[in-house]
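Chemist: One structure, as structure tokens, below. Some questions next.
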Amino acid sequence: MRAYFDAFRPASIAVLALGLAAFGHLAGQTPQTTFDILITNARVMDGSGNPWLRADVGIRGERIAAVGRLAGATAPVVIDAKDRLVAPGFIDVHSHASGGLTNPSLRDARALLAQGVTLAVLNPDGGGPTDLKQQGLALEKDGIGINAALVIGHASVRNAAMRRPGGAADPDAGADRAARRDPTPDEITAMRALVKQAVADGAYGLSSGLFYTPGRFSKTEEVIVLAREAGGVYTSHIRDEGTYDVGVVASVDEVIRIAEEAKVRGVVSHMKCLGPDSWGLSKTLIEHIEAARARGLEIFADQYPYEASSTGLSAAVMPGEGGESAKEAMSGTESRKQFLALVRENIRRRGGPRSIVIASGRGAPQMAGKNLEEIAKARGVEPEQAATDIVLAGGASIVSFNMNEDDIERIMRQPWTMGSSDGGLVSPGASQPHPRNNGAFARRIARYVRERQTVTLEHAIRTMTSLPAQVFGFTGRGEIREGAFADIVIFDPARVVDKATYQSPHQMSEGIDWVLVNGKIARRDGEFTGALAGKVLRKGM
């Protein structure tokens, strides 16, 4: 551990003293200073990207009251950091944890706290409820273990506004089938009203899932109108992360166009180059984003640090089709042939049947952990037939190995790429979901800082703290400084490890020893306290 930290040691005592003078407001502190919590013997990495500095941290209530050499200060609770790093709590800008945070057995968010996450942005990919006021109240009703911030989902808004008269959607496929067309002027007005109300209820921006139904049926101009109404941030699961349709480059360009014309910050959600046909295109994507930024646009990305993605089997191998379309297509000889050919090609795009592994689902009972090739062989059918049968039987979620390490590292190195998980809170069980639920933030430190040295620790911490706070406008979050909220993690970077694997995805991360949320201790020396100190943050409130 000592050797690891020596890599961050200042060049001289003089430099250290000068840094501390600038770092803390020391002149006004007195030996009699009293805090509620005092963190001593710390190496403070403030989230800005600067190297650590030796300092103490004093906390009063939910905020940091002082940072510096606090000799003589007292507090009823003193945490000896023991030369470990003290950093801002990590911010997950793309989280599916909303359901878990309202589940009594998961609301304390232990799997997230174990990774150091203290704030999650909910309702990604165009999803979530349209009534954010009620969602916020539901989250706050019995308390939550981390902070939550809400965006309004484009797909949810589209579904709500485009239901048939009387509020009924197509009876055979739900609201999303009713939304598989261009909206009328009145429906655009209704969509704008829903977004406007969400903003009034504290939404930080608009999310979209243009790869999914019904988002894939919307034109760019429609999204621009709604992103402009939302303001703030536009974050998008782009139309195509690979070669399914328009391609990943054109899809990133669409985010740039929407951000430019709507005058908002654009974020490419979980940026990747999906499938062998797209490997290496990260260079082009980076060039396009850099060009947009050079002309004054605020374009960013987020990323989870894994070579596998996760989605529904239907979305992966028959995007835009789904169970109803599959059933219809399989009923005719010629249409069946064409449909299975499409599924076969989409399986190839994702790296072949061996790369697609079942996580869980009604259509694939007792198949968790098996890949599509194994399932097809056991059934004596081709992989495309096996995939279609699973979808028709109720569907399944999958883990799909389709990214290249060079692209992952190239995207991660960019100063505008934020950390995220694209995961949620999942109860342990027989399912084999993506390990990102339990490991994304710890893995960034363990694999890409310590093992592969892809980025520095300062870079990684910044992209998980101050950068997302600035992009989304989380005032007083993502920093260790006087006046900021006391969302804090204490850890030894040499010991942080993501224990969750593809074979055993439910294991919690280790090495984040202490976690404070709004000045309350949620994890004490490796043990959870059960504190429900999280808040629902609301923009402008």
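Chemist: Anything in the stretch 418-436 that is within 18 Å of the chain's Cα centre (by Cα) and surrounded by fewer than 24 Cβ atoms within 10 Å (Cβ to Cβ)? List them, or say none.
Modeler: To start, the set of residues in the stretch 418-436 that are within 18 Å of the chain's Cα centre (by Cα) comprises 418-426, 433-436.
If the condition is that a residue be within 18 Å of the chain's Cα centre (by Cα) and surrounded by fewer than 24 Cβ atoms within 10 Å (Cβ to Cβ), then Gly424, Val426, Pro433 are the ones that fit.
Chemist: Just checking, which of Val357, Val399 is open to solvent by less than 40 Å² (accessible area, probe 1.4 Å), of a type in the set (A, V, I, L, M, F, W, C) and in contact with a His (Cβ under 7 Å, 6 or more places away or on another chain)?
Modeler: Values: Val357 fails: in contact with a His (Cβ under 7 Å, 6 or more places away or on another chain).
Answer to the check: Val399.
Chemist: Moving on. Can you tell which of Val78, Val121 is open to solvent by less than 10 Å² (accessible area, probe 1.4 Å) and among the aliphatic types (A, V, I, L, M)? If you could, list the steps in order and put the result at the bottom.
Modeler: Numbers: Val78 fails: open to solvent by less than 10 Å² (accessible area, probe 1.4 Å).
From the options Val78, Val121, the qualifying one is Val121.
Chemist: Being under 29 Å from Lys272 (Cβ atoms), among the hydrophobic types (A, V, I, L, M, F, W, C) and not in a loop (DSSP other than H, G, I, E, B) narrows it down to one of Val199, Val195, so name that one.
Modeler: Numbers: Val199 fails: under 29 Å from Lys272 (Cβ atoms).
Only one candidate qualifies: Val195.
Chemist: Then there is this: Only residues in the stretch 528-541 that are more than 26 Å from Gly205 (Cβ to Cβ) count as the first member; pair them with residues that are open to solvent by 70 Å² or more (accessible area, probe 1.4 Å) and not in a loop (DSSP other than H, G, I, E, B), Cβ under 6 angstrom, at least 6 apart or cross-chain, and list the lot.
Modeler: Every condition considered, the pairs that remain are Phe528/Arg110; Ala531/Lys520.
Chemist: Being free of Cβ contacts under 8 Å to residues at least 60 places away in the same chain and buried (at least 20 other Cβ atoms within 10 Å of the Cβ) is the filter; apply it to the stretch 136-159 and report the residue that is farthest from Trp514 (Cα to Cα). Talk me through it step by step, then tell me what you get.
Modeler: Residues of the stretch 136-159 that are free of Cβ contacts under 8 Å to residues at least 60 places away in the same chain, as a first pass: 137-138, 141, 153, 156, 159.
Going one step further and asking which of them are buried (at least 20 other Cβ atoms within 10 Å of the Cβ), we end up with 153, 156, 159.
Details: Gly153: 34, Ser156: 37, Asn159: 42 Å.
Ranking the candidates gives Asn159 first.
Chemist: Could I ask something else about it? Which condition does Arg524 not pass, out of (1) of a type outside the set (A, V, I, L, M); (2) in contact with a Phe, Trp or Tyr (Cβ under 9 Å, 6 or more places away or on another chain); (3) closer than 24 Å to Ala138 by Cα; (4) open to solvent by 10 Å² or more (accessible area, probe 1.4 Å), if it passes all the others?
Modeler: The number of the failed condition is (3).
Chemist: Gly476 passes all but one of (1) out of contact with any helix residue (DSSP H, G or I) (no Cβ under 8 Å at 6 or more places or on another chain); (2) closer than 16 Å to Ala114 by Cα; which number fails?
Modeler: (2)
Chemist: Regarding Ala230, is this residue in contact with a Gly (Cβ under 6 Å, 6 or more places away or on another chain) and either without any contact (Cβ under 8 Å) to a residue 12 or more places away in the chain or not polar (S, T, N, Q) (or both)? Walk me through how you get there before you give the answer.
Modeler: Values: in contact with a Gly (Cβ under 6 Å, 6 or more places away or on another chain): yes; either without any contact (Cβ under 8 Å) to a residue 12 or more places away in the chain or not polar (S, T, N, Q) (or both): yes.
Here the answer is yes, as Ala230 does meet what is asked.
Chemist: Moving to a separate point now. State the number of residues belonging to the stretch 274-294 that are within 15 Å of Met412 (Cα to Cα) and among the charged types (D, E, K, R).
Modeler: Total satisfying the criteria: 3.
Chemist: Out of (1) part of a helix (DSSP H, G or I); (2) surrounded by fewer than 20 Cβ atoms within 10 Å (Cβ to Cβ); (3) touching a residue at least 40 places away in the same chain (Cβ under 8 Å); (4) of a type outside the set (D, E, K, R), what's the single condition that is false for Thr243?
Modeler: (1)
Chemist: Which condition number in (1) of a type in the set (Gly, Ala, Ser); (2) open to solvent by 40 Å² or more (accessible area, probe 1.4 Å); (3) part of a helix (DSSP H, G or I) is the one that Ala376 fails?
Modeler: (2)
Chemist: When you scan the stretch 458-504, how many residues do you find that are among the charged types (D, E, K, R) and open to solvent by 30 Å² or more (accessible area, probe 1.4 Å)?
Modeler: The first filter runs over the stretch 458-504 and keeps only residues among the charged types (D, E, K, R), leaving 458, 462, 477, 479, 481-482, 487, 492, 495, 498-499.
Subsequent filtering for residues that are open to solvent by 30 Å² or more (accessible area, probe 1.4 Å) retains 462, 479, 481-482, 495, 499.
Of the residues in that region, 6 qualify.
Chemist: What's the number of the only condition in (1) outside any loop (DSSP other than H, G, I, E, B); (2) touching a Gly at 6+ places or on another chain (Cβ under 7 Å); (3) open to solvent by less than 20 Å² (accessible area, probe 1.4 Å); (4) of a type outside the set (A, V, I, L, M, F, W, C) that Arg216 fails to meet?
Modeler: Arg216 satisfies every listed condition except (3).
Chemist: Turning to a different aspect of this structure: Out of Val195, Val225, Val249, Val233, report the one residue that is touching a Leu at 6+ places or on another chain (Cβ under 9 Å) and open to solvent by 10 Å² or more (accessible area, probe 1.4 Å).
Modeler: On the way: Val195 fails: open to solvent by 10 Å² or more (accessible area, probe 1.4 Å); Val225 fails: touching a Leu at 6+ places or on another chain (Cβ under 9 Å); Val233 fails: open to solvent by 10 Å² or more (accessible area, probe 1.4 Å).
The conditions single out Val249.
Chemist: Would you mind telling me which numbered condition in (1) more than 15 Å from the chain's Cα centre (by Cα); (2) under 25 Å from Val497 (Cβ atoms); (3) not in a loop (DSSP other than H, G, I, E, B) Gln453 fails?
Modeler: Among (1) more than 15 Å from the chain's Cα centre (by Cα); (2) under 25 Å from Val497 (Cβ atoms); (3) not in a loop (DSSP other than H, G, I, E, B), Gln453 violates only (3).
Chemist: Still on this model: Test each condition in (1) open to solvent by less than 50 Å² (accessible area, probe 1.4 Å); (2) more than 29 Å from Ala500 (Cβ to Cβ); (3) not in a helix (DSSP H, G or I) for Ile289 and report the one that comes out false.
Modeler: (3)
Chemist: Here are some conditions: (1) among the small types (Gly, Ala, Ser); (2) in contact with a strand residue (DSSP E or B) (Cβ under 8 Å, 6 or more places away or on another chain); (3) farther than 15 Å from Gly89 by Cβ. Ala522 meets all but one. Which one does it not meet?
Modeler: (3)
The values are calculated or read from the model by the stated rules, or taken from the named source; none is laboratory data. Computed from a prediction, not measured in an experiment: that's the story for all the values here. So basically every Cβ, Gly included, is an ideal-geometry build from the backbone, and we count neighbours across all protein chains shown. Areas reflect the complete protein model, heavy atoms only, side chains present, ligands, DNA and RNA absent. Shrake-Rupley method; radii C 1.70, N 1.55, O 1.52, S 1.80 Å.
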